[in-house]
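Heads up: the structure comes next, in structure tokens.
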Amino acid sequence: MKKKIELLTPAGNAEIGIAAIDCGADAVYIGAPKFGARKAAGNSIEDIKRLTDYAHPFGVNVYATVNTLFYDEEIDEVHRLIFDLYEAGIDGIIFQDFGLLEIELPPVKLIASTQTDNYTPERIRFIDSIGVNRIILARELSLQQIKEISRTTQAELEFFVHGALCVSFSGRCYISKALFDRSGNRGECAQFCRMAFDLLDENEKPIIKNKYLLSLKDLNLSGYLKDLIDAGISSFKIEGRLKDINYVKNVTAFYRNRLDELIGNSDGIERASNGKSYIDFVPAPEKSFNRTFTSFFINGKNTPLASIHSPKSTGELIGKVIKSGKGFVKLDTNTEVSTGDGLCFFDINGNLHGFYVNKIANDSIFYDGDFVIYENKKLFRNYNRAFEKQLERKTERKIEISIYVSFDKNKMLVKAECEDGIFVKKEFQINFVPPQKETEIIDLLKKQFSKTGNTIYKVNQVQIDKKGISFLTVSQINEFRRALLEELTRIRKEHHKKNRTSYFKPRYTNYFKKEIDYTENVTNQLAESFYRKCGVEKIERGLDYTKDFNRKPLMTSRYCILDEIGLCKRTAKHISERYYLRNRNGKFELKFDCKNCMMELYIKE
């Protein structure tokens with residue numbers, strides 16, 4: 001049996017989810033009305049049902065994010081929500097809180113979020129052993145680590161391949177809660193890592209001033225898809241439930257093309273859904289929002305990782321300035337620039353500045369403003385007006401079908417068969433009338449049954465058995481065709497529904513520790529009960545519950561500021577024993593676990 005490869009894309013709302021499906025997504029994930037890790041991306045049950053109704057005939061799965069921690073008084077509400085999601089057609093629940101596993105659940109796939117801290121082999125083996133269907137691996141893992149995990153894991157493995165990166169390990173960032181009472185584990189991250197800081201030495205002397213030292217570049221693993229498939233990944237995830245529809249269309253179409261190329265050159269893998277996308281643009285991720293790209297730790301260390309000069313989008317590099325003056329520049333590029341494009345550059349202090357193009361003339365770009373962009377400066381385009389217009393055009397996804405028509409006295413028999421073998425047969429009562437011209441009625445049948453209008457189908461062929469053929473009007477044929485395709489869609493939805501997961505019952509295997517601390521994020525009695533059934537004897541409640549932030553690392557990261565700026569403690573001569581970050585929100589101490597190549601951030605007492 002071939003391994004199914006899934007392209008999983010974000011749906012900030014039903015409209016974006018439908019656009020993602022049209023552009024080739026095999027699955028989409030969408031925020032539930034509550035308890036999602038992006039509170040601003042919640043959706044009504046009605047909109048989620050609209051999305052699942054559209055997705056399922058293509059064999060596309062829809063997963064709901066219920067991946068926050070919850071408190072005891074919220075358990076009943078979470079329980080009701082999950083059954084509402086199931087009734088709306090959801091195929092899987094992405095969760096963080098292990099208390100969820102103690103609730104009676106409908107037959108949906110259970111997916112362990114990155115928020116469950118899926119980094120160490122021991123942790124992943126435990127989650128696998130309790131029967132969870134899928135594990136979303138930590139972004140910080142390397143290919144070699146993924147291979148080793150895959151060898152001992154039965155669950156499906158999902159991995160982020162594109163989009164924004166959290167600087168902290170998922171689930172282990174508490175700084176937003178500590179400073180602003182907005183918990184990232186409750187869907188309210190305040191984006192502390194996108195703020196500017198001064199880096200200070202032990203005497204509070206600035207080493208670097210007013211830079212975005214925790215703001216990482218965006219992930220792009222499009223060059224590693226085959227490696228990831230070989231390593232054991234089956235679901236390739238794009239980040240971005242807060243991204244707009246054009247971003248999602250562009251990035252989804254790009255990865256669809258890349259995966260289709262790999263699938264077409266391999267006998268062992270296949271797409272996880274059906275249908276062909278018809279798009280009217282050439283996808284290019286660099287033309288959508290990005291902070292420049294990184295492959296993160298996929299091949300071990302890969303510096304630079306941060307976008308320290310700005311957390312904003314720089315877009316695509318279009319060239320260097322070869323001539324300039326007040327209000328104009330000339331570039332060393334063949335890239336076409338248009339009126340209305342947004343361009344940007346970094347000044348001598350590394351600060352990002354942007355402007356709109358208001359005229360192109362004599363190979364020069366003109367803009368409003370009396371500032372001068374000096375020669376040899378790199379110019380980026382972070383808003384491509386022509387490309388955005390292309391992305392706004394309608395995209396379609398069609399399932400190819402063949403139609404077979406035959407006659408038996410006062411009956412017309414029609415079969416429609418899809419590219420994946422799913423078919424429908426319908427019998428229509430007619431009054432047999434011998435046609436005056438047989439060829440004309442055959443041509444009419446082929447013409448009318450080839451029309452599919454706004455349906456999800458594209459007819460490849462119409463075969464007519466001439467034996468006993470009868471005259472029919474155009475309106476009759478159209479009515480029969482509509483009924484046939486409606487029934488085919490119903491059958492496709494039913495076929496998808498039959499493939500839903502069976503009921504989940506956790507296997508209470510022994511946890512690899514007898515004592516767990518706040519980093520396990522236990523905030524309710526059900527989560528505590530779950531761990532106790534797995535042999536844990538001592539449980540410290542999570543910081544979202546205790547709010548005891550003193551002397552605890554509030555961010556834990558594989559990214560290291562010192563390494564980023566060339567001051568790795570293992571290889572460089574050091575100017576200080578201690579290092580701090582400071583901004584308007586306070587002073588924060590950095591501690592370094594050089595043995596494990598980790599960095600921690602504490603509130604300075």
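The values are calculated or read from the model by the stated rules, or taken from the named source; none is laboratory data. Treat the numbers as computed from the prediction; the structure is a model and nothing was measured. Because the Cβ atoms are built from the backbone with ideal geometry, glycine has one as well, and the counts that use them run over all protein chains shown.
A few comments on the model shown:
- So D420, is it of a type in the set (D, E), part of a loop (DSSP other than H, G, I, E, B) and within 30 Å of K446 (Cβ to Cβ): yes
- Within the option set K287, K249, K226, being among the basic types (K, R) and in contact with a strand residue (DSSP E or B) (Cβ under 8 Å, 6 or more places away or on another chain) holds for one residue only, K287.
- Residues satisfying the stated conditions in the range 217-262, i.e. of a type in the set (V, I, T) and either out of contact with any His (no Cβ under 8 Å at 6 or more places or on another chain) or more than 21 Å from V282 (Cα to Cα) (or both): I229, I233, I245, V248, T252
- Test: residue in the range 443-456 that is within 26 Å of Y54 (Cβ to Cβ), aromatic (F, W, Y) and at pLDDT 95 or above: yes
- Residue count, the range 367-403 (criterion: surrounded by fewer than 17 Cβ atoms within 10 Å (Cβ to Cβ) and hydrophobic (A, V, I, L, M, F, W, C)): 3
- Residue selection: E46 fails the criterion of being under 19 Å from the mean Cα position of the chain (by Cα) and acidic (D, E).
- Identity of the residue in the range 219-264, of a type in the set (V, I, T) and either touching an Asp or Glu at 6+ places or on another chain (Cβ under 7 Å) or not in a helix (DSSP H, G or I) (or both), that ends up nearest to C166 (Cα to Cα): I238
- Taken over the range 194-217, the criterion of being surrounded by 22 or more Cβ atoms within 10 Å (Cβ to Cβ) and within 20 Å of the chain's Cα centre (by Cα) is satisfied by S215, L216.
- Checking each residue in the range 292-332 for being surrounded by 19 or more Cβ atoms within 10 Å (Cβ to Cβ), under 22 Å from S142 (Cβ atoms) and of a type outside the set (S, T, Y) picks out F296, F297, I298, L305, A306.
- Selection of the range 434-450 for residues being in contact (Cβ under 8 Å) with a residue 12 or more places away in the chain and exposed (fewer than 12 other Cβ atoms within 10 Å of the Cβ) yields P434, Q436.
Table: residues versus (1) under 23 Å from F471 (Cα atoms); (2) in the same structural domain as E486 (by TED's automatic domain parsing); (3) not small (G, A, S).
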{"site": "R381", "(1), (2), (3)": "no, no, yes"}
{"site": "R385", "(1), (2), (3)": "no, no, yes"}
{"site": "S402", "(1), (2), (3)": "yes, yes, no"}
{"site": "N410", "(1), (2), (3)": "yes, yes, yes"}
{"site": "E417", "(1), (2), (3)": "no, yes, yes"}
{"site": "E427", "(1), (2), (3)": "yes, yes, yes"}
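- Residues in the range 126-137 that are outside any loop (DSSP other than H, G, I, E, B) and either more than 21 Å from the chain's Cα centre (by Cα) or within 15 Å of S502 (Cβ to Cβ) (or both): F126, I127, D128, S129, R134.
- Close contacts from the range 580-604, counting a first residue that is assigned to a loop (DSSP other than H, G, I, E, B) and a second that is of a type in the set (S, T, Y) and buried (at least 16 other Cβ atoms within 10 Å of the Cβ), with Cβ to Cβ under 7 Å and a gap of 6+ residues or different chains, come to K604/Y580.
- Residues satisfying the stated conditions in the range 73-128, i.e. among the small types (G, A, S) and either in contact with a Pro (Cβ under 7 Å, 6 or more places away or on another chain) or at negative phi (or both): A88, G92, G99, A112, S113
- Spans of strands (runs of 3 or more DSSP E) in the range 141-216 with at least 1 residues on the phi > 0 side of the Ramachandran plot and not hydrophobic (A, V, I, L, M, F, W, C): 156-163, 206-211
- Any chance I233 is aliphatic (A, V, I, L, M) and surrounded by fewer than 22 Cβ atoms within 10 Å (Cβ to Cβ): no
- Condition check for T9: modelled with pLDDT of 95 or more, on the phi < 0 side of the Ramachandran plot and in a strand (DSSP E or B): yes
- Selection status of T65, β-branched (V, I, T), farther than 28 Å from S277 by Cα and either surrounded by fewer than 23 Cβ atoms within 10 Å (Cβ to Cβ) or in contact with a Ser or Thr (Cβ under 9 Å, 6 or more places away or on another chain) (or both): no
- In the range 309-337, of all residues being farther than 22 Å from R291 by Cα and part of a loop (DSSP other than H, G, I, E, B), the one that is modelled with the lowest pLDDT corresponds to N334.
- Filter pass, D26 being more than 29 Å from A190 (Cα to Cα), crowded, with 20+ Cβ neighbours inside 10 Å and in the same structural domain as T114 (by TED's automatic domain parsing): yes
- On the stretch given as the range 474-508, residues that are over 36 Å from the mean Cα position of the chain (by Cα) and either at pLDDT below 95 or basic (K, R) (or both) total 1.
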